[in-house]
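Structure first, then comments.
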């Protein structure tokens, strides 16, 4: 129900991000804009401001578990993969599903947007 931002040089934690019921499985970060996206067991993707620690948006992916995600921060696109064999492409700003497909027997543990 949390994830931690670490300073890799010092080994010290910088900030803890808490979100009850949201257990992150995957993460994508834009270090220039200091924003992140997390996907979790609850099927939600949450967008985070890394400086304030606040959740700025929640997208309901309608997945059983969001296991993988990738974000094109410039084009504002979110790609998710799930335990229930689904891959979905979202508009990051509106949360609208742009494309959707389901694989017959494959849990989607990795996804990648071509950038």
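Please go through segment 79-97 and pick out each residue that is in contact with a strand residue (DSSP E or B) (Cβ under 7 Å, 6 or more places away or on another chain) and closer than 17 Å to residue 47 by Cβ. Listed by number, the residues that qualify are 79, 80, 88, 89, 90, 91, 92, 95, 96, 97.
Of 21, 39, all but one fail to be crowded, with 16+ Cβ neighbours inside 10 Å and either closer than 24 Å to residue 113 by Cβ or modelled with pLDDT under 90 (or both); the exception is 39.
Restrict the check to segment 84-94 and report whether at least one residue is surrounded by fewer than 16 Cβ atoms within 10 Å (Cβ to Cβ) and not in a loop (DSSP other than H, G, I, E, B). Checking segment 84-94: at least one residue is surrounded by fewer than 16 Cβ atoms within 10 Å (Cβ to Cβ) and not in a loop (DSSP other than H, G, I, E, B). Does any residue of segment 54-75 turn out to be on the phi < 0 side of the Ramachandran plot, in a loop (DSSP other than H, G, I, E, B), modelled with pLDDT under 95 and exposed (fewer than 12 other Cβ atoms within 10 Å of the Cβ)? Yes, there is a match, as at least one residue in segment 54-75 is on the phi < 0 side of the Ramachandran plot, in a loop (DSSP other than H, G, I, E, B), modelled with pLDDT under 95 and exposed (fewer than 12 other Cβ atoms within 10 Å of the Cβ).
For residue 12, the stated conditions hold: it is at pLDDT 95 or above and over 19 Å from residue 113 (Cα atoms).
Is it the case, given these coordinates, that residue 50 is without any contact (Cβ under 8 Å) to a residue 24 or more places away in the chain and within 20 Å of residue 4 (Cβ to Cβ)? When the stated conditions are applied, residue 50 does not pass them.
Mind checking whether some residue in segment 12-35 is part of a loop (DSSP other than H, G, I, E, B), within 13 Å of residue 80 (Cα to Cα), free of Cβ contacts under 8 Å to residues at least 40 places away in the same chain and in contact with a strand residue (DSSP E or B) (Cβ under 6 Å, 6 or more places away or on another chain)? Among the residues of segment 12-35, not one is part of a loop (DSSP other than H, G, I, E, B), within 13 Å of residue 80 (Cα to Cα), free of Cβ contacts under 8 Å to residues at least 40 places away in the same chain and in contact with a strand residue (DSSP E or B) (Cβ under 6 Å, 6 or more places away or on another chain), which makes the answer no.
The values are calculated or read from the model by the stated rules, or taken from the named source; none is laboratory data. Given the structure is predicted, the values throughout are model-derived calculations rather than measurements. Ideal geometry is used to build each Cβ from the backbone, glycine not excepted, and the neighbour counts take in all protein chains shown.
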